Amino acid sequence: MNIQHLRYFLTTMETGSVSRAASALGITQPTLSVALKRLEEEFGAKLFAPEGRGIKLLPSAKLLEAQVRVALRALSDARRDLSGTAAPRLKLGILPSLSEIWLPRLLNAWDGEIEVVEALADELKKKLKNGAIDIALTTSPTADAFANKPVLREPFMLFVGPAHAFAGRRTVALAELNQQPLVLRQCCELRAGMGQQLFEEAGVRLRVVAQIRQEAITALLVASGVGCTLAPRSWQRDGLQAIQVIGLTLQRVIVLAWKSKAKAALAAGIVEKLDAQGPIQTQGAKRA
């Protein structure tokens with residue numbers, strides 16, 4: 001029994017998609033599919049069934065999920081007992097736009113109890129400052145006031161639904177976004193600072209048709225043709241196409257940030273485990 005395959009299985013259950021799970025784990029879809037197939041062979045039961053462009057979770061997968069979580073927790077407890085050390089409870093802050101792709105990776109990078117706090121970058125900065133959280137996966141320069149280590153750099157892209165006028169295109173010019181209906185992500189880093197300045201200098205005015213806090217609702221509106229949206233490349237969702245915007249030179253830098261020297265070793269261990277999982281796969285125009 002390969003323990004790593006069990007972790008792959010849990011990530012697939014958490015994301016509900018082979019492509020999203022592979023992206024979160026930093027492995028290829030074929031590698032993940034082979035691992036899941038081997039689990040099915042070892043347990044003698046089908047866990048997933050094809051459903052459209054995705055997968056359907058079968059009752060056997062739900063049953064196995066509960067047992068696997070118990071087993072992995074027991075192994076983690078045994079490891080701590082034998083080593084004589086116990087991992088402290090980790091209070092982790094995370095951006096809403098990172099939850100889907102990063103949470104499985106972070107859970108796999110920490111053996112102890114974890115408390116996750118989801119908040120916008122400015123709020124995460126305050127929580128780090130007052131000690132409400134231990135570390136935060138957030139953006140730079142928000143985290144520049146703290147010790148931090150970059151873990152991902154990614155460009156902003158335009159996301160459209162299948163019926164959008166830009167659908168099927170690989171690139172659009174920045175000027176083409178003028179007066180385009182926009183579903184504005186309330187947590188978007190482009191709402192202020194250099195993002196607004198860049199659009200103003202290019203003479204581009206986006207016509208905001210919706211302002212949404214929840215990322216899933218934003219994706220639903222874009223897929224339904226209400227408008228397009230701008231987001232980091234790793235934000236990709238089912239049914240949407242990511243298009244490169246020529247002239248939009250901004251990128252988002254994701255960092256793991258911490259305040260006190262006491263958290264430096266803790267953060268270094270997490271970064272090491274994240275690196276071991278491989279890079280986030282943000283390439284590609286579509287997700288299935």
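Odds and ends about this structure:
- Residue count for segment 225-246, restricted to those that are in a helix (DSSP H, G or I) and of a type in the set (Gly, Ala, Ser): 1
- Some residue of segment 222-232 being over 17 Å from residue 96 (Cβ atoms), surrounded by 20 or more Cβ atoms within 10 Å (Cβ to Cβ) and of a type outside the set (Phe, Trp, Tyr): yes
- Scanning segment 102-158 for residues that are among the hydroxyl-bearing types (Ser, Thr, Tyr) and modelled with pLDDT of 85 or more returns 138, 139.
- When 282, 249, 218, 229 are checked against the criterion of being at pLDDT below 85 and within 29 Å of residue 27 (Cα to Cα), a single residue qualifies: 282.
- In segment 48-67, the residues that are of a type in the set (Ser, Thr, Tyr) form Cβ pairs under 6 Å with partners that are surrounded by 15 or more Cβ atoms within 10 Å (Cβ to Cβ) and in a loop (DSSP other than H, G, I, E, B), at six or more places apart or across chains, as follows: 60/47.
- Some residue of segment 15-26 being among the polar types (S, T, N, Q) and without any contact (Cβ under 8 Å) to a residue 60 or more places away in the chain: no
- Selection from segment 134-167 of residues that are part of a loop (DSSP other than H, G, I, E, B) and within 22 Å of residue 183 (Cα to Cα): 161, 162, 163, 164, 165, 166, 167
The values are calculated or read from the model by the stated rules, or taken from the named source; none is laboratory data. All of these numbers come straight from a predicted model, not from anything done at the bench. Note that each Cβ is placed from the backbone with ideal geometry, even for glycine, and that neighbours are counted across all protein chains shown.
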